[in-house]
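Undergrad: Please read through the structure below; I'll follow up with questions.
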Amino acid sequence: MPTTALAILNRPSLAAPAHREGAPDFELVDVDAPQVRVLDLGVTRGDGVFETISVGDGHPQALAAHIRRFAKSAAALDMPEPDPVVWEAAVRAAADALDPAHETYVKTVMTRGLEGDGRPTGWAYASHAPDHMRARTEGIRVVRLDRGYRHDVAQTSPWLLAGSKTLSYAVNRAVLREAARRDADDVVFVSSDGYLLEGSTSSLLLRFGDRLVTPGLDLGILPGTTQGDLFAFAETQGLSTEYALLGADELLEADAAWLVSSVRHAAPIRSVDGIARPVDSDFSAAVNSYLISRTE
């Protein structure tokens, strides 16, 4: 069995015509063969949305939450609503087509398609996951970078699509190159008026005593599916959870901090702007064990 798989959707949305009438909802195709037209708006303009779903021992994790966020991002771009039934089936089929592995992932992508055509393009790509064990155990170094927006950008300028998971990821990649230039592994975005936001592709969690805190979802940041599951887990461990408006310096004041995401899971922050920070190894191990073992 392969280490990668690809499902192409025939009708990504019930609100748009199928690409081939009478054909199956999706089909598994050759990963190495050409599949996307060069004039697809996802290619030429980054006009589309995506999700990345962790798969543990063959079980897609937080799949329903990912599909809901996928639809929310599509709505923000005025794209047709993804058909949740077909997308979920495509995700499971792509994941099942892989050679069995402890950790894999599926990336769903829906673009606006060809300009004027009215039919979105959609696919689900599955692969074995990279080895993130070192980041989970030893931790990562982060730098704080100004995102260039106020913390209330989602209310003042909704057309900037803050909080939507779009294909326009050039900035998210550029900040990682800047982090490397500063001898760091990742970034924590800070609003132009001084509030903590999120990582380049992750949610931020801080622990103060027995309280686990993340920046509020009204700050133009992506609502984290992994963060949501971690809040539920933390409450079973006797921790309280909270969404809050956090100043930039609170990252240095926290007892511990993590960047959490679907595939890397929970990476403890071991330094901020070159300043060493404590790593809660026991809680990190418990969190990652929980995340990897989820069955849904």
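Undergrad: If packing is taken as the mean number of other Cβ atoms within 10 Å per residue, what is the order of 170-177, 281-288, 242-249, 137-144, highest first?
TA: In decreasing order of mean packing, 170-177, 281-288, 242-249, 137-144 become 137-144, 281-288, 242-249, 170-177.
Undergrad: Got a sec? How would Met133, Met79 order by Cβ neighbour count within 10 Å, fewest to most?
TA: Numbers: Met133 10, Met79 22.
Ranking Met133, Met79 by Cβ neighbours within 10 Å, fewest first, gives Met133, Met79.
Undergrad: Quick one: Thr295, Thr241, fewest Cβ neighbours within 10 Å first, how do they rank?
TA: Details: Thr295 9, Thr241 17.
The fewest-first ordering by Cβ neighbours comes to Thr295, Thr241.
Undergrad: Let me ask another. Of all beta bridges DSSP finds with both residues in the chain, what is the antiparallel percent, to the nearest 5?
TA: Among the beta bridges of the chain, antiparallel pairing accounts for roughly 80 percent.
Undergrad: Using Cα-Cα distances under 8 Å and only pairs 6 or more residues apart, what relative contact order does segment 133-293 have, in percent?
TA: Computed value for segment 133-293: 29 percent relative contact order.
Undergrad: In addition: For a quick check: sort Ser240, Ser191, Ser54 by the number of other beta carbons within 10 angstrom, fewest at the front.
TA: Taking fewest neighbouring Cβ atoms as first place, the list is Ser240, Ser191, Ser54.
Undergrad: Per residue of the chain, what 222 nm ellipticity follows from adding -39500 (n - 2.57) for every DSSP H run with n ≥ 4, rounded to the nearest 500?
TA: Helices in the chain give a 222 nm mean residue ellipticity of -8000 deg cm²/dmol.
Undergrad: Is the shape of segment 40-186 rounded, prolate or oblate, going by the alpha carbon gyration tensor and its root eigenvalues a ≥ b ≥ c, with a/c under 1.5 for rounded and a/b larger than b/c for prolate?
TA: Verdict is oblate for segment 40-186.
Undergrad: Take every Cα pair under 8 Å in the chain that's 6+ residues apart, average their separations, divide by the length, and report that relative contact order as a whole percent.
TA: 19
Bear in mind these aren't lab numbers, they're just calculated from the coordinates by the rules spelled out. Quick caveat: nothing in here was measured; it's all calculated off a predicted structure. When we count neighbours, we look across all protein chains shown, and the Cβ atoms used for this are built from the backbone with ideal geometry, even at glycine.
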